[in-house]
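The values are calculated or read from the model by the stated rules, or taken from the named source; none is laboratory data. All figures in this text were calculated on a predicted structure; none of them were measured in a lab. Reconstructed Cβ throughout: ideal geometry from the backbone, glycine too, with neighbour counts over all protein chains shown.
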């Protein structure tokens, strides 16, 4: 990895209704990584259209995700914030990777099976092939690190497999073009913090999701203080008091989820949270969790609303990021074409 400049790449789909799981699982981590890496944070709108999107809603959702990035503290001047479709090299490299990846690799992707359900024959080709586009998202910038949740680790492994196969398939050409250690890095996952996977407030076995029929299952980033407090108060728990150490949460999914959310918002470990609240009733813990959620999210929600009202500003951030991203991506694609034998 030392041959490559360290660069973080990650993205969020603009599918609407951002929630606490998006914030803790992704956006908060993006903010934390800024001090130690060159970062590229992408609104992955081309991934969103693997299922049909209302065009007007899609435009609004792209701006909403951008506003969330900025409101949470991502510095768009020091780093690069952009929407994927502004950089056509993503799709260009994805086609190359479609020709490198094997059908068997994509057939093993569990997320496609989950999203397509029983009607796999009616799913879009894009939904099947999007892991190759995800690999291109990272590798068109020769990204070395990707903050991922547990559900994306398989796709990152595929990106590594594609990079390795490309490096092997074109080893002689890559060396002739001056890259002794391979052309693409094998990107590493960055899995940090106590709540990489935030679960539903109504069912601890399911991930918090915007598609859940019950709005009580999630805390939306647009919720006000009263809504946040009500949802946490109604969150499912069990009759036992909180344990005094993390081992006592085993088999208690809903309790573990709420403690994990508190830990992630406070920056403390689960054990530290339980040393403070262990032995007590859920009612007092829920009140403390609601207060903490409101304290952390209210300023972000307020700033998001302000920014979303100023679409010209949001669009200027995306335009600037797109220009800077295209410059990097074009440099990669020029070299890829030389390596694989395409004239340019």
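Residue 185 falls short on exactly one of the conditions (1) more than 29 Å from residue 32 (Cβ to Cβ); (2) surrounded by 21 or more Cβ atoms within 10 Å (Cβ to Cβ), and that condition is (1). Among residues of the stretch 323-334 that are in the same structural domain as residue 96 (by TED's automatic domain parsing), those with a Cβ under 9 angstrom from a residue that is at pLDDT below 95, sequence gap 6+ or separate chain, pair up as 333/344; 334/344. Of all the listed residues (133, 158), the sole one being closer than 21 Å to residue 185 by Cβ, within 15 Å of the chain's Cα centre (by Cα) and either surrounded by fewer than 19 Cβ atoms within 10 Å (Cβ to Cβ) or modelled with pLDDT of 90 or more (or both) is 133.
Of 196, 237, all but one fail to be at pLDDT below 95, within 30 Å of residue 6 (Cβ to Cβ) and surrounded by 17 or more Cβ atoms within 10 Å (Cβ to Cβ); the exception is 196. Being within 12 Å of residue 283 (Cα to Cα) and either loosely packed, with under 15 Cβ neighbours inside 10 Å or touching a helix residue (DSSP H, G or I) at 6+ places or on another chain (Cβ under 6 Å) (or both) is a condition met by at least one residue of the stretch 242-249. If the condition is being outside the structural domain of residue 297 (by TED's automatic domain parsing), under 16 Å from residue 28 (Cα atoms) and not in a loop (DSSP other than H, G, I, E, B), then the stretch 190-230 contributes only 190.
Among the residues of this structure, residue 337 does not count as one that is closer than 30 Å to residue 223 by Cα and assigned to a helix (DSSP H, G or I).
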